[in-house]
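Here the structure comes first, spelled out in structure tokens, and everything after it is commentary.
The values are calculated or read from the model by the stated rules, or taken from the named source; none is laboratory data. These numbers were taken from a predicted model, which means no experiment stands behind them. Every residue, glycine among them, receives a Cβ derived from its backbone with ideal geometry; neighbour counts consider all protein chains shown. Please note that ligands, DNA and RNA were not included when accessible areas were found on the heavy atoms of the full protein model with its side chains. Shrake-Rupley method; radii C 1.70, N 1.55, O 1.52, S 1.80 Å.
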Amino acid sequence: MLHKLYIYEVKYSDYKHVLKKHNLRVTDCRIDVLERFYSKKHALSMKVIETELEGYDRVTLYRTINSFIDKGVLHRIPDESGSASYGICAETCTAEKHSHNHVHFKCSRCGQIDCLSSYSVPVVDLPGYEISDSNLIINGVCKSCNHAN
Ligand SMILES: [Zn+2]
Ligand SMILES: [Zn+2]
Ligand SMILES: [Zn+2]
């Protein structure tokens, strides 16, 4: 029991560190949202965040997520389903610029979206066009669903 508590304390200070590094004030809501993202290790949709953090009202959660996007803590993952998902940013993301270009994978069985941070979106050469950003979502069956077979 004590051991568990100790681990939580360590993590809590890590989350505080993340917030401070991105010039965000430490609030309970921000810590709780961060905790969800770091413990799940995959992207979360607004719906899931709302369900898991019932204690906070929607507006507070939206504001928290938006402040994380502004400051380079989270990034929005475009998804044709209409409900946005968010993933943890790379260490190098700042309020000025999100600096990642990774592929996302959406599982058709569990619906989870993963950030594949070691795979980048291939560069497409389009003469005459100016690309501002590009996204790639690969659909299929994720590792854990595949293992369950
Ligand atoms: Zn980012
Ligand atoms: Zn899956
Ligand atoms: Zn991502």
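Looking only at residues in segment 6-54 that are aliphatic (A, V, I, L, M) and at pLDDT below 90, the one that is most open to solvent (accessible area, probe 1.4 Å) is ILE7. Considering only residues in segment 108-129 that are buried (at least 17 other Cβ atoms within 10 Å of the Cβ) and under 22 Å from ASP70 (Cα atoms), the one that is nearest to ligand 3 (Cβ to nearest atom) turns out to be CYS115.
For segment 77-107, the candidate set comprises residues that are touching a strand residue (DSSP E or B) at 6+ places or on another chain (Cβ under 6 Å) and open to solvent by 50 Å² or more (accessible area, probe 1.4 Å); within that set, the residue that is farthest from ligand 1 (Cβ to nearest atom) is ASN101.
Of all residues in segment 64-93, those that are more than 16 Å from ligand 2 (Cβ to nearest atom) and among the charged types (D, E, K, R) have Cβ atoms under 8 Å from Cβ atoms of residues that are open to solvent by 50 Å² or more (accessible area, probe 1.4 Å) and part of a loop (DSSP other than H, G, I, E, B), 6 or more apart or on another chain, in ASP70/ALA95; LYS71/ASN23; LYS71/THR94; LYS71/ALA95. Tell me yes or no: at least one residue of segment 64-72 is in a helix (DSSP H, G or I), more than 16 Å from ligand 3 (Cβ to nearest atom) and at pLDDT below 95. Within segment 64-72 (the criterion being in a helix (DSSP H, G or I), more than 16 Å from ligand 3 (Cβ to nearest atom) and at pLDDT below 95), the answer is no, since none of the residues qualifies.
Highlighted here are the strands (runs of 3 or more DSSP E) found entirely within segment 95-149 that include at least 1 residues which are within 16 Å of ligand 2 (Cβ to nearest atom), aliphatic (A, V, I, L, M) and under 16 Å from LYS41 (Cβ atoms): 113-120.
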